[in-house]
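The values are calculated or read from the model by the stated rules, or taken from the named source; none is laboratory data. It should be emphasised that the depicted structure is a prediction, and the values quoted were computed from it without experimental measurement. Ideal geometry is used to build each Cβ from the backbone, glycine not excepted, and the neighbour counts take in all protein chains shown.
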Amino acid sequence: MRRVMPPQRLRIHRGASAPWCELGPGPEGLTLGPVPLPEGAWSAPWPRVALSVASPYPTAGLSVAAGGAMVLGRLPGVVQAIVLPDLSQAFDRRPPGLVAALGAGRANAAVLCADDGWRAVVLPSLGDRLSDLGPGPVAISASGRLIAVFDEDRTVVVPLGGGAPVAEYPGAVDALAFAGERLWLAAGGVVGPADAHEHGWGAHVQQLVAAAAADRVLALHADHQISRLGSDEAQCTWTPVLPDVRAISLSDDGEWATLATPDAVAVVRASDGAVAVYLRGASSIALGAHLRIVVGGAWGMALIVPVEETA
């Protein structure tokens with residue numbers, strides 16, 4: 001782990017923009033400029049947005065932690081603990097072969113995957129709490145207290161502090177996610193809570209994410225469809241307006257989803273995919289507290305906020 005001194009901020013233009021925009025250089029620094037929605041998109045109500053701060057930390061992936069007060073920024077071989085709202089980097093860590101970093105939605109904890117498999121860490125120091133968790137899949141609960149690990153032919157739930165497993169579920173899985181403290185499993189096209197017989201069906205699941213404060217999950221399927229499921233509501237499935245979606249996430253309450261592609265990101269309504277914010281010029285996105293949006297790319301990362309928060 002390495003403590004990092006804060007760098008000089010990137011210059012930004014703070015003028016408000018429509019929520020369908022492009023991030024790029026301008027005379028006053030990074031600027032949001034309006035662009036049309038992608039063809040075929042339909043919109044959800046959302047206020048105008050503006051840049052709040054930007055930092056020169058390149059990122060290939062973002063994940064929220066600590067109730068939206070922190071994000072993890074990831075590059076191949078590097079993970080950064082970034083504190084909001086000023087986007088200051090507290091620590092970084094460089095485990096060989098780092099490929100994934102997932103924060104606990106409401107706690108100072110995370111799980112990382114590198115050449116030696118998954119490990120659980122505390123934030124912001126990124127120091128180990130549990131290591132040698134294997135190749136996974138792995139998930140961490142919103143409170144950071146529980147870790148679910150797939151091990152050969154079963155999924156085992158263990159406390160972050162160590163000790164005996166608190167639950168076991170037989171069978172192979174493709175993905176795991178905790179909706180709050182409730183574990184959901186995906187195997188092939190079957191998605192459902194580990195402790196119930198309620199399931200949704202679809203194509204093979206490539207990614208499963210969950211809300212920190214609601215029993216809702218979002219599944220990205222191999223046929224490019226996205227499904228939102230919850231124990232108390234019917235499954236809804238929709239086609240994302242952005243092609244080549246590589247990463248998804250859910251807001252704390254499960255109402256909004258983020259989509260990330262190699263050259264554009266979006267915030268969409270989780271129930272039907274209606275676009276709230278569409279941004280070209282970024283390749284990673286995370287939705288923090290109070291609808292703050294962190295976006296990133298090879299150029300660094302920036303915080304975008306509803307206009308009323310910039311006064």
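Looking at the range 11-39, which of its residues are of a type in the set (A, V, I, L, M) and part of a strand (DSSP E or B)?
Going residue by residue through the range 11-39, those that are of a type in the set (A, V, I, L, M) are 12, 16, 18, 23, 30, 32, 35, 37.
Of everything in the range 11-39, those that are of a type in the set (A, V, I, L, M) and part of a strand (DSSP E or B) turn out to be 12, 23, 30, 32.
Residue 235 passes all but one of (1) assigned to a strand (DSSP E or B); (2) surrounded by 21 or more Cβ atoms within 10 Å (Cβ to Cβ); (3) of a type outside the set (Ser, Thr, Tyr); which number fails?
Of everything listed in (1) assigned to a strand (DSSP E or B); (2) surrounded by 21 or more Cβ atoms within 10 Å (Cβ to Cβ); (3) of a type outside the set (Ser, Thr, Tyr), residue 235 misses just condition (2).
Looking at the range 152-200 only, could you name the residues that are of a type in the set (A, V, I, L, M, F, W, C) and part of a loop (DSSP other than H, G, I, E, B)?
In the first step, residues of the range 152-200 are kept if they are of a type in the set (A, V, I, L, M, F, W, C); the result is 156-158, 160, 164, 166-167, 172-173, 175-179, 183-187, 190-191, 194, 196.
If the condition is that a residue be of a type in the set (A, V, I, L, M, F, W, C) and part of a loop (DSSP other than H, G, I, E, B), then 160, 164, 166, 172, 173, 194, 196 are the ones that fit.
Restricting attention to the range 274-290, which residues are modelled with pLDDT of 95 or more, over 14 Å from the mean Cα position of the chain (by Cα) and not hydrophobic (A, V, I, L, M, F, W, C)?
Within the range 274-290, 278, 280, 281 meet the criteria.
Being more than 11 Å from the chain's Cα centre (by Cα), in contact (Cβ under 8 Å) with a residue 40 or more places away in the chain and surrounded by fewer than 21 Cβ atoms within 10 Å (Cβ to Cβ) is the filter here; which residues of the range 243-258 pass it?
253
Quick one: residue 35 ticks every box in (1) closer than 16 Å to residue 126 by Cβ; (2) β-branched (Val, Ile, Thr); (3) touching a Phe, Trp or Tyr at 6+ places or on another chain (Cβ under 9 Å) except a single one, so which number is it?
Tallying (1) closer than 16 Å to residue 126 by Cβ; (2) β-branched (Val, Ile, Thr); (3) touching a Phe, Trp or Tyr at 6+ places or on another chain (Cβ under 9 Å), residue 35 fails exactly one: (1).
Which of the residues belonging to the range 70-89 are in contact with a Ser or Thr (Cβ under 8 Å, 6 or more places away or on another chain) and either on the phi > 0 side of the Ramachandran plot or not hydroxyl-bearing (Ser, Thr, Tyr) (or both)?
Result: 71, 72, 73, 74, 75, 80, 81, 82, 85, 87, 89.
Quick check, is residue 81 of a type in the set (Gly, Ala, Ser) and assigned to a strand (DSSP E or B)?
It is true that residue 81 is of a type in the set (Gly, Ala, Ser) and assigned to a strand (DSSP E or B).
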